[in-house]
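Here, each number is a calculation from the coordinates, and none is a lab measurement. Bear in mind that the values here come from a model prediction, so they are computed numbers and not experimental data. Virtual Cβ from ideal backbone geometry, glycine too; neighbours counted across all protein chains shown.
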Amino acid sequence: MCALKKTVVLVGMMGAGKTTVGQHLAKRIGVPFLDSDEEIEHAAQRSIAEIFTRDGEAFFRRRETEVLSRLLAGAPCILSTGGGAFIQEMNRDLIARQGVAVWLRADLDTLWGRVRHRNTRPLLRTPDPRRTLAELMAAREGIYAEAGLVVDSAPGLSLDRMCDLVLEA
Ligand code: S3P
């Protein structure tokens with residue numbers, strides 16, 4: 001029997017650990033793991049970076065809402081979302097109706113430490129990506145807080161401990 005009544009939707013900034021924690025948690029409790037960015041890439045047959053470059057962010061955001069709507073209508077699972085997904089009100093409404101949002105919160109140094117060596121995030125292709133990350137974080141934190149459930153994604157915590165925290169939340 002499925003251990004979840006509703007889909008657990010992991011939200012939060014790039015580098016918060018949504019995919020890593022989500023995969024581990026899903027395995028631990030024996031439910032499917034899905035990732036909205038991966039679904040978008042699969043459907044478009046190109047990477048998020050290519051989608052941003054060729055089709056633009058607005059196109060990506062529309063696909064994001066479609067994917068969330070489709071996945072939330074399916075069987076309960078652990079769902080990792082892109083960092084901007086929860087920022088759109090329409091997506092927050094979808095998640096509130098059909099899932100349970102958990103904000104994986106991390107501080108700027110932790111986030112930056114995890115994303116700095118990766119060149120896969122189009123929003124950070126700026127002259128000062130650390131500053132861009134800080135600005136995005138400042139603009140978004142109040143909105144992530146609407147998730148109601150918050151789990152701190154600190155560097156010292158083991159994956160199992162973070163999963164415990166999500167399950168407790
Ligand atoms: C984005 C975060 C990315 C991806 C896209 C936009 C954002 O996902 O959806 O690059 O707006 O913060 P991750 O949070 O998995 O990096």
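Given +1 at the Cβ of Lys and Arg, -1 at the Cβ of Asp and Glu and no other charges, the dipole of the stretch 7-168 around its Cα centre is 280 debye to the nearest 20. The sum of -39500 (n - 2.57) across all DSSP H runs of n ≥ 4, divided by the residue count of the chain, sets its helix-only mean residue ellipticity at 222 nm to -16000 deg cm²/dmol. Between VAL21, TYR144, CYS163, the Cα set farthest toward the positive side of the dipole of the stretch 7-168 (charges on each charged residue's Cβ, about the Cα centre) is that of VAL21.
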